[in-house]
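Inspection log for the structure reproduced underneath, given as C-alpha cells.
What follows draws every value from the coordinates through simple rules; no lab data is involved. Everything numeric in this text was worked out from a predicted model, so none of it was measured. All Cβ positions, glycine included, derive from the backbone under ideal geometry; neighbour counts span all protein chains shown.
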C-alpha cells in the first residue's frame, strides 16, 4: 500500500462525509486538520454499511447484503492483522489504517456490524420492531453507541479512555434516537419502525396508525403526543451525555459540542414544523448551523 493510495482513500471518505453528513461534516471542520481524515473514514465506513442494509429487500438482494457485510468484516479483520494483499475498497483501506493508527478496539466494529445485520430482512438476526425502549437501546448499543466508542481514541481524552466511554456511548445513542424521530417516514417505507411499541401504545398509536399517517401525509394528534414524549426522552439523553464532552481533549470539544447542539436542534425543527415528519424531513437551516459552529469555536477561545 502506497501513501498515494492511502491519500486517495481518505479523500474518498472526505467526499462521502461532505455529501451525506452535512451536520457531521461541519463539526469535523472544527477539529485539528490531522484528526479530520480519521473521522471522515469512520463516517464513510458507517455510511457504506448503512447503504448496504438500506438496499436490502427482495430475497436475492437480502442474501447479497448479508454476503457483503460478511465480506466487509472478513476483509477488515484480515487487514487489522496486516494480512498481505491489496485492498480494492478505499473505505476499508482508510478505516483499517485509522483503526491501527489510533489503536481503536476492533470489537466496536464487530458489534456495529452485528447490529446492522438486524436490519437485513430475512436474516437470522432481523428485527423490524422493538417492543420497549430497553430493546431499542440494545440495538443502539451496536448501531450508535459503538460509533461514539470508535471515535473516542481519535478525538482524545483528558482521562483514561475507559472513563470517557459511557458518555461517548450515550451521545451516540442520543444522535441515533434523533435520527429515528426525523426519519420515521423513510423507515416506514422500508417496513421498519424504530420507535418502541410500548411507548407508542401508551398514546394509542400502533403500526396501522403510523402507516395511515404516512399514506395521508397527516400527523394524527395521538402521534403528535407520542413524538413530543419521545423528544422529551431524547433531550434527556442529550443532557445526560453532554457533560462528558469535558472529558475530551480541549481542542476537539467545540466540534463535539457543535454536533450535539445541531443534532438536538433537529428536535426543535420537528416541533417547529408541527411534527410533520411524514411529509417533511426536519433539517437545521445552514445559517443556524454556521452560527452554532462559530459560537462554539468562539466560546472555546474564551475558555482557553
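For residue 110 and residue 3, the difference between the fully extended length at 0.36 nm per residue and the C-alpha to C-alpha distance is 35.8 nm.
The mean sequence separation of alpha-carbon pairs under 8 Å and at least six residues apart, normalised by the residue count of the chain, gives a relative contact order of 19 percent.
Find the relative contact order for segment 72-142 and round it to a whole percent, using C-alpha pairs within less than 8 Å whose residues are 6+ positions apart. Display every interim value, and only then the final one.
Working: 36 pairs, mean separation 16.2, N = 71.
Computed over segment 72-142, the figure is 23 percent.
Direction-averaged projected area, Cα convex hull, segment 75-194: 8.9 nm², rounded to one decimal. Here, segment 131-303 has an Rg and a Dmax of 17.1, 52 Å when only alpha carbons are counted.
With both labels modelled 7 Å from their Cα along Cα-to-Cβ, the residue 268 to residue 103 distance reads 4.0 nm. Across segment 131-303, C-alpha contacts under 8 Å between residues 6 or more apart give a mean separation that, scaled by the residue count, equals a relative contact order of 28 percent.
Stokes-Einstein diffusion coefficient for the chain at 25 °C in a medium of 0.890 mPa s, Rh from the Kirkwood formula over Cα pairs: what value in µm²/s?
Answer from the Stokes-Einstein relation: 122 µm²/s.
Taking the average, over residues, of other Cβ atoms within 10 Å as the packing measure, peptides 161-171, 254-264, 123-133 rank 254-264, 161-171, 123-133 from highest down.
Fewest-first ordering of 155, 113 by other beta carbons within 10 Å of each residue's beta carbon gives 113, 155.
The sum of -39500 (n - 2.57) across all DSSP H runs of n ≥ 4, divided by the residue count of the chain, sets its helix-only mean residue ellipticity at 222 nm to -22500 deg cm²/dmol. For the pair residue 74 and residue 249 in one chain, pulling the backbone fully straight at 0.36 nm per residue adds 59.7 nm over the alpha carbon distance. Listed by Cβ neighbour count within 10 Å, with the fewest neighbours leading, 158, 226 appear as 158, 226.
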